[in-house]
1. Kindly provide the set of residues from region B:53-98 that are touching a residue at least 40 places away in the same chain (Cβ under 8 Å) and under 15 Å from B:VAL35 (Cα atoms), ordered by number.
2. Please state which one of B:ALA116, B:ALA101, B:ALA185 is under 27 Å from B:ALA37 (Cβ atoms), more than 9 Å from chain A (Cβ to nearest Cβ), assigned to a loop (DSSP other than H, G, I, E, B) and over 22 Å from the mean Cα position of the chain (by Cα).
3. Mind counting the residues in region B:194-208 that are away from chain A (no Cβ under 14 Å) and touching a residue at least 24 places away in the same chain (Cβ under 8 Å)?
4. I need the full set of residues from region B:258-294 which are outside any loop (DSSP other than H, G, I, E, B), surrounded by fewer than 24 Cβ atoms within 10 Å (Cβ to Cβ) and not hydrophobic (A, V, I, L, M, F, W, C), in order please.
5. Looking only at region B:151-168, filter to residues that are buried (at least 20 other Cβ atoms within 10 Å of the Cβ) and touching a Pro at 6+ places or on another chain (Cβ under 7 Å); which one of those is farthest from the other protein chains (Cβ to nearest Cβ)?
6. Any residue at all in region A:38-60 that is assigned to a loop (DSSP other than H, G, I, E, B), of a type in the set (Gly, Ala, Ser) and within 14 Å of another protein chain (Cβ to nearest Cβ)?
7. Find the residue count for region A:122-136, including only residues that are within 11 Å of A:ARG29 (Cα to Cα) and away from chain B (no Cβ under 12 Å).
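The values are calculated or read from the model by the stated rules, or taken from the named source; none is laboratory data. For clarity, every value in this text was computed on a predicted model and none was experimentally measured. Here the Cβ positions follow ideal geometry from the backbone for every residue, glycine too, while neighbour counts run over all protein chains shown.
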Amino acid sequence: MSQNAISYDKPQPSLTGLHGEFYAWCRDRELRFQRCKGCGRHRHVPRDICAHCSSMEWEWARSSGRGTVFTWTEVVRALHPAFAAVTPYAPVVVEMEEGVRLLSRVVDCTPDELQIGMPVEVDFEKVSDAITLPVFRRAAR
Amino acid sequence: MFKDKACIVGIGETPFCRKPGSGLSEMGIQLKAAVAALEDAGLKAAQIDGILPFPNVGKAEAFAASLGCENLRFAATLHMGGAAPVGSLRMAAMAVTSGAADYVMVPGGWNGYSGARVRETAANDVDSIPGGEIARDFYMPFGLTAPPQWYALMARRHMHEYGTTAEQFGAVALAMRKHAQLNPAALMHGKPLTMADYLASPYIASPYRLLDCCVETDGAAAFIVTTVERARDLRQKPVYIMGAAAGQPYPADEITNRADFHRTGLTNAAPEAFRMAGVSPADADFAQIYDCFTFEVIQQLEEAGFCRRGEGGAFVENGGIELGGRLPVNTHGGLLSQAHVLGISHVVEAVRQLRGEAGARQVADAEIGVVTGWGDFGDGSIAVLRR
């Protein structure tokens, strides 16, 4: 195990099922969402079936990685002990070009620089050998 | 349809406390409230044949065994977080009017201060967090771990879309605190609040400051529902259930991908409840609105139809939701300034108002009142009650 895997103490996603497949793509530094083969809609979070057309046929479609900040909160007082040392930090909802929204963080600006509508693009943060999280950086419009 | 066929006939409440804690187990404190409700109604425990406990703080079987309810025949738990008590009020009305039960007890309470705190529960038990594995895999790794953070995402977006201000959030906090000054049982009795105090309070999860957040509390409450016919033999004047409904946002298990970010369970439930009741929001003499955080009051006033979407901020300003205002809200002080007892105290306070037993905070000639619940990722419930 790497140093990283031992020292990373924050909550981690499980790597099972469709959630695990999502994170497996992230480990390859690719952001992919399910795209329905029935109606072509993207969806997130991963689900077994399309809520629009009931098709169970889908593929992992690579995202453009581009989106805009939809909303966020600046956490000043951590409500989970693992995040106490990193306050303030800001969970951000990013609205992707594909139309889906994703909860993440913007890693290259401080919370008070965030603005709704700010263009961002995906990057990846390896937190252990097994887990890489999709994060975002500011992007030119 | 159970309009005016079921009623609330008993209420009970324990004292509220923080340090050093209630000294009772979470079951114990709820049993204390349940016994008070039985006494209030003039019922014996053996007559209770339906029990609808709040999620995660005790099973119906344990309540029945502890209280001596030998004929439990209707038991369920609604997994709607803080929307459960009012949702259970609706389910109790359905049960007694269908004959599934004669007398239904709805207990709720916890050691919300001295026991397992909300944040710890959310952090450690996937089965108990709204969204379950979705929250674990897609929110918590990014530090979105607790209710004020989830709802702050909604509050921020509302400020952006409608120009809702921090001062309007503050107006909610001040109204609840003002009402608490008229309620000796409230934790914040004797602790008045100014807008300067509010604005100076530190952020917890922006735009929420400390004083946007409810007070973690040890306490419990309970109420009993039966039919109008059975109520005639009981001690109290009944409070009639004119209409009640519950609803879920879409999707209910995931907070970020909602086509309409502000549409909640209450958006669907409120028209159903008012339609059943045959009245409109404007007919309400008061409302007890689930106030886990200040913005949720603004949001629910809008989604329940007391004002239009985007007008909730203006609605709460200038004393609009204070006693004497256009719609007194949370006359007991609410979760923000009375106590956080999972929303069940909102039902208790509505009953007190409609019985005319609210003392210094009584709404004059209160005839019709509304009570809401809000929970998980925006589950909603609502009841329209009358004296």
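1. Within region B:53-98, B:PRO53, B:PHE63 qualify.
2. None of the other options fit; the residue is B:ALA101.
3. Residues flagged as away from chain A (no Cβ under 14 Å) and touching a residue at least 24 places away in the same chain (Cβ under 8 Å) within region B:194-208 amount to 3.
4. Residues of region B:258-294 outside any loop (DSSP other than H, G, I, E, B): B:265-277, B:281-283, B:286-288, B:293-294.
Imposing the further condition that a residue be surrounded by fewer than 24 Cβ atoms within 10 Å (Cβ to Cβ) reduces the set to B:267-268, B:271-272, B:274-276, B:281-283.
Within region B:258-294, B:THR267, B:ASN268, B:PRO271, B:GLU272, B:ARG275, B:PRO281, B:ASP283 meet the criteria.
5. The extreme case among them is B:ALA155.
6. Residues of region A:38-60 assigned to a loop (DSSP other than H, G, I, E, B): A:38-41, A:44-57.
Checking the rest, the ones that are also of a type in the set (Gly, Ala, Ser) come to A:38, A:40, A:51, A:54-55.
Then drop every residue that is not within 14 Å of another protein chain (Cβ to nearest Cβ), which leaves A:51.
Taking every residue of region A:38-60 in turn, at least one turns out to be assigned to a loop (DSSP other than H, G, I, E, B), of a type in the set (Gly, Ala, Ser) and within 14 Å of another protein chain (Cβ to nearest Cβ).
7. Going through region A:122-136 one residue at a time, the tally reaches 4.
Results for (1) in contact with a Cys (Cβ under 9 Å, 6 or more places away or on another chain); (2) of a type in the set (Lys, Arg), shown as yes or no for each residue.
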{"site": "B:CYS292", "(1), (2)": "yes, no"}
{"site": "B:PRO328", "(1), (2)": "no, no"}
{"site": "B:GLY334", "(1), (2)": "yes, no"}
{"site": "B:SER345", "(1), (2)": "no, no"}
{"site": "B:VAL348", "(1), (2)": "no, no"}
{"site": "B:VAL363", "(1), (2)": "no, no"}
{"site": "B:GLU367", "(1), (2)": "no, no"}
{"site": "B:GLY375", "(1), (2)": "yes, no"}
{"site": "B:ARG387", "(1), (2)": "no, yes"}
